[in-house]
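Data block below; observations after.
The values are calculated or read from the model by the stated rules, or taken from the named source; none is laboratory data. None of these values were measured; they are calculated from a predicted model. Positions of Cβ are generated from backbone atoms using ideal geometry, with glycine treated the same way; all protein chains shown enter the neighbour counts. These area figures cover heavy atoms from the full protein model, side chains too; ligands, DNA and RNA do not enter into them. Shrake-Rupley method; radii C 1.70, N 1.55, O 1.52, S 1.80 Å.
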Amino acid sequence: MGVDFGTSSVRVVELARRGQSVHLQNYGEVAASDIQKSPPGTITSDSLLFSSREMAGAAEAIIREAGIATREVNFPIPDFSSFFTSFELPSMSPKELEQAIFYEARSYIPLPLSEVTLDWQVEGGVVGKRSPLIKVLVAAVPNDVIEQYQQIAALSGLQMKSLEVEVFALQRALARGESGTIAILDIGARSTTCNIFENGELKTSHSFNVSGNDLTEILSRALKIGYQDAENIKKEQGITGFQGAEKEAREILLPVVDSILEETKKIFRTFNNNQKKGVEKVILAGATAVMPGLKEYFLEELNPQKIEVQIADPFKKVSCPQILEDMLKEMGPVYAVAVGSALKGLE
Ligand SMILES: Nc1ncnc2c1ncn2[C@@H]1O[C@H](COP(=O)(O)OP(=O)(O)OP(=O)(O)O)[C@@H](O)[C@H]1O
Ligand SMILES: [Mg+2]
């Protein structure tokens with residue numbers, strides 16, 4: 001089971017291996033607004049929005065209602081709770097590499113190493129072979145964040161099998177087996193993360209703070225309407241309108257969409273300059289990916305650079321009852337992280 005605690009909701013996916021194929025056993029979601037808030041005065045960690053008790057309660061509710069049988073869980077850690085850095089090291093053996101990463105990471109990570117846990121991937125060069133340089137991508141997760149996930153597992157009677165930064169879950173669900181240079185753009189509620197992969201290997205990961213909730217806020221402010229009404233307009237019309245009120249919504253939303261696009265292009269340009277390679281395809285993930293008109297707009301803007309645009313379909317390689325297929329396609333972008341996390345348990 002993979003459990004993704006996002007800013008806007010908690011999603012659970014249960015997968016099982018059946019012969020050669022991976023089968024969807026169960027899935028479920030609870031909106032953050034339905035999670036019981038702690039009484040005033042409850043202390044919650046800065047980097048997580050809810051207390052362990054609330055998060056455990058939400059996970060338990062989904063597990064109960066969806067009838068999930070397993071107790072084994074993998075948790076993805078949100079990008080805003082982790083730090084990413086990459087650096088190069090001279091060629092060395094795997095054992096030496098671990099020590100060297102710890103040594104080198106000290107100068108890149110804004111917290112004492114005693115307060116973080118490191119997770120890394122080699123993304124260039126071959127460890128233990130005669131390649132001149134090894135490039136490593138390192139994620140650091142504060143230990144108190146890890147402790148909170150341990151607490152959640154304990155409170156909900158789950159057995160935590162693993163924790164990993166969420167980009168590795170996205171990689172497993174969407175980038176594995178993809179040849180060429182692809183970007184996964186996860187447009188969530190409070191942040192957007194742009195990850196670039198080459199032949200399935202993670203090359204770079206950047207987050208920025210323009211995201212889905214900014215779209216709702218700007219609509220709500222500009223039209224002087226409540227947040228929920230703005231949310232509904234965003235989800236129903238998005239940026240498809242060319243007349244009347246729909247056109248107005250489009251014009252209000254476009255500057256925010258453009259700034260997501262501009263940030264993304266900037267990351268692409270940096271990647272291009274450093275690696276001398278261009279992104280060939282963008283996979284849109286996160287619930288904002290399905291905003292009406294978004295994919296078409298990205299396509300229009302990125303097509304001149306010969307970049308393809310797709311909406312994430314993490315259930316593509318998962319077998320499920322046929323009756324669910326269309327719905328799962330629509331929900332794919334929201335469940336990508338949870339699917340990737342659950343897949344880890346089947347490796
Ligand atoms: N159909 C839709 N059209 C447009 N936006 C949508 C749609 N459904 C959800 N959203 C928006 O997507 C955002 C939530 O995305 P998602 O569920 O991927 O985020 P999250 O994982 O909870 O948050 P984060 O990754 O930032 O922690 C919200 O801003 C929500 O309004
Ligand atoms: Mg998310």
- Met92-Lys235 pseudo-label distance in nm [points 7 Å out on the Cα-to-Cβ vector]: 5.1
- Message: Sequence gap at least 6, Cα distance under 8 Å: using those rules, report the relative contact order of segment 239-341 to the nearest whole percent.
- Response: 24
- What's the FRET efficiency of Gln150 with Ser259 using the Cβ-Cβ distance as r and R₀ = 41 Å, to the nearest 0.05? 0.65
- Mean projected area, convex hull of alpha-carbon positions in segment 83-141, reported to one decimal in nm², is 3.5
- Note on the structure: Over 21 Å (Cα to Cα) among Lys306/Lys329; Lys277/Lys344; Lys295/Lys329 -> Lys306/Lys329; Lys277/Lys344
- Residue-normalised accessible area of the chain, expressed per residue, 1.4 Å probe, Å²: 48
- Please state the relative contact order of the chain as a whole percent: Cα pairs under 8 Å, 6+ residues apart? 19
- Comparing Ile35, Ile63, Ile182, which has the greatest mean-square fluctuation in the GNM of the chain with Cα pairs linked when under 10 Å apart? Ile35
- Message: Just to verify a number: what accessible area does Arg250 come out at with the full protein assembly present, 1.4 Å probe, Å² rounded to tens?
- Response: 40
- Message: Net charge around Lys329, counting only other residues with Cβ within less than 11 Å of its Cβ (Lys, Arg = +1; Asp, Glu = -1)?
- Response: -3
- Task: Run the dipole for segment 83-141 about the Cα centre, Lys and Arg Cβ at +1, Asp and Glu Cβ at -1, nothing else charged, and hand back the magnitude in debye, nearest 20.
- Result: 220
- Message: For the pair Ile311/Leu223, report the inter-label distance in nm, with labels modelled 7 Å from Cα in the Cβ direction.
- Response: 2.0
- Task: List the lysines whose Cα lies under 21 Å from the Cα of Lys95, skipping any in the same chain that are fewer than 8 positions away.
- Result: Lys129, Lys135
- Among the lysines, which have Cα under 16 Å from the Cα of Lys224 when same-chain residues fewer than 8 positions away are ignored? Lys234
- Query: Over the chain, one equal point on each Cα, no solvent: what is log10 I(q)/I(0) by the Debye formula at q = 0.06 Å⁻¹?
  - Reply: -0.22
- Task: For every helix of n ≥ 4 consecutive DSSP H residues, a contribution of -39,500 (n - 2.57) applies; sum these over the chain, divide by its total residues, and give [θ] at 222 nm rounded to the nearest 500 deg cm²/dmol.
- Result: -12000 deg cm²/dmol
- With all protein chains present and a 1.4 Å probe, how do Tyr297, Tyr227 order by accessible area, largest first? Tyr227, Tyr297
- Note on the structure: So, with points 7 Å from each Cα along the Cβ direction, the Asn209-Tyr108 label distance in nm works out to 2.3
- Convex hull around the C-alpha positions of segment 215-347: the volume in Å³ per residue is 147
